[in-house]
Amino acid sequence: MYWNHNMRFNKRYALWFLCLITILFLSTQYIFSSKVLNFVLLQQGNITLGNDNDSHMIPPTPPPYTLTSKKQRICILAGPHKTASTSVQGNFYRWSKPTVNFSDSAFVQLPQPLLTSWIWPVPQEIARVEHNDTHTWNWAPSKVFYPMMEVLMDKKRHPTKRTLFQKYTVEEIVGMYRDCIGRYWNEGYNVVFGTEAMDMIVKLPEGPSMIDRVSNYILPRGMDGDQVTVVIMYRTPKVGHLISMWHQNCDKPTDDHFYKWISTTPNTLGPLDALGMVDMFLNHTNWNVDLVHLEGMKEENWDVSNFVACKIMGEQCRGKVIEGLYDGSEPVVANVRSGQRGPNVPNETLDDMDVVLNSYDCNYMHLLRGDENPRLTIHFRSAFQNLIQSCENLKKVGYPQNRIEMKEKVKEIAQHRGTLVPVKQTNN
């Protein structure tokens, strides 16, 4: 009896010991695989990842959000800066199904949405932190995707003071965007979102990898490329776009020191590179890209938000407005400034600068000639004819091969002609 009892006792402990060894082995495998994945992400993008003991840690591996319908679409409003981006973002946030709202925001969602099948997916915690943070502009939930691009940058070279990045790790922030978009996608909604910060893809050397991370770690998995459309705005006159950038970056609304700014700014003038953005999205994704010539659109009396909804997103419209528009739901036009001083350089200087800025786009004539890429749709193509003709004439004399050359030529023009006093009033 003693021998049988002792044998059963030893078997019981042997079983417990085997279970313990198995648990330890599986835990070691999980930790090792997590470390390997983190190492790979670090090597690919210089992203600083959180530690495994972080209580808010979100696994960097995207969850398997699956397609609920092949008819679902994602529309990404990619800017760039100073191309009516704030207005378009605010209007689609207002018009889509309600998500996260703040009564003191610059834009407030409508009680009766106009776009019932579309959602502007606002991650609630990111919106809460951003709403409580200190900003130098009128923050609204429509601006919630600006940090999404910033979090994908190389933090060593581009540090940021956002409270969001002090409170949460890269994986957590990426996970909040991914989970929010995925949740609404699984519920069957079309998704529309955007930020002018998308122009970082042409400003930064890590631009291509930023696109890859949006595709692989934020958007739902298993989509076909033709379910995603990127909308990019092209603004002319180019020098007017440059002046708007100066107004945004100058010290105060009455600052008239354009000459000093263009001569000394480290700004790489990325927002002027809309065609570069088009080229990069076509080369690094299988998504569709819609290029909109803003001046051509205005000449045909379109509001930019209505145009995107009617002609790109495929919403029902009457004439040139969304079906069902009611009092209080009209598109808001933001950031229209008046009373700002004009640049303190002669008009001839601005004309010469415009020629150089336009000539840079000759690098992208392969995008504008014919229908070479079936994934690219150009709206108001005729408005690009002057550019195409100018580039034909410049074949012999040449044009700037990159934005560094373009900026240097613009700076040389300013320095050659000097400043102008007194300054004149202008509207942005």
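The values are calculated or read from the model by the stated rules, or taken from the named source; none is laboratory data. This is a predicted model, so every value here is computed, not measured. Glycine also receives a Cβ, built like all others from the backbone with ideal geometry; neighbour counts cover every protein chain displayed. The area values use the complete protein model at the heavy-atom level, side chains included, leaving out ligands, DNA and RNA. Shrake-Rupley method; radii C 1.70, N 1.55, O 1.52, S 1.80 Å.
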*Tally Lys/Arg at +1 and Asp/Glu at -1 over every other residue whose Cβ is under 10 Å from the Cβ of GLU130; what's the total?*
+1
_the stretch 180-277, accessible surface, carbon-and-sulfur percent (1.4 angstrom probe)_ = 48 percent
*Could you pull out every residue, at least 5 positions away or on a different chain, whose amide H is within less than 5 Å of the one on VAL230? Hs are placed 1.01 Å off N in the peptide plane, and Pro or chain starts have none.*
ILE76, ASN288, VAL289, ASP290
*Name the long-range amide H neighbours of ALA334: under 5 Å, sequence gap of 5 or more, or other chain; modelled H, no Pro or chain starts.*
SER87
*In Å and whole numbers, how far do the C-alpha atoms of the stretch 177-297 stretch along each principal axis, longest first?*
51, 30, 25
_Calculated diffusion of the stretch 147-204, Stokes-Einstein form, Kirkwood radius summed over Cα pairs, 20 °C and 1.002 mPa s, µm²/s_ = 166 µm²/s
*Calculate one ³J(HN,Hα) per residue across the stretch 265-282 by plugging θ = phi - 60° into the Karplus curve 6.51 cos²θ - 1.76 cosθ + 1.60, and present them in order as whole Hz with x for glycine and proline.*
5, x, 4, 8, 6, x, x, 7, 9, 4, 5, x, 5, 4, 4, 5, 5, 5
*Nonlocal amide H pairs with VAL100, under 5 Å, H built at 1.01 Å*: VAL122
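Given axes a ≥ b ≥ c from the Cα gyration tensor, I'd like to know whether the stretch 192-232 is rounded (a/c under 1.5), prolate (a/b larger than b/c) or oblate.
It comes out oblate by the Cα gyration axes.
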*Among rounded, prolate and oblate, which fits the stretch 241-400 when a ≥ b ≥ c are the square roots of the eigenvalues of its C-alpha gyration tensor, a/c under 1.5 means rounded, and a/b larger than b/c means prolate?*
oblate
*Specify whether the C-alpha gyration tensor of the stretch 231-305 places it in the rounded, prolate or oblate class, a ≥ b ≥ c being the square roots of the eigenvalues: rounded for a/c under 1.5, otherwise prolate if a/b is larger than b/c and oblate if not.*
oblate
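By the scheme Lys and Arg +1, Asp and Glu -1, what is the net charge of all other residues having a beta-carbon under 12 Å from that of TYR184? Intermediate values should be presented prior to the final figure.
Details: positive: LYS97, ARG178, ARG183; negative: ASP179, GLU187.
Spelling it out: positives minus negatives among the neighbours equals +1.
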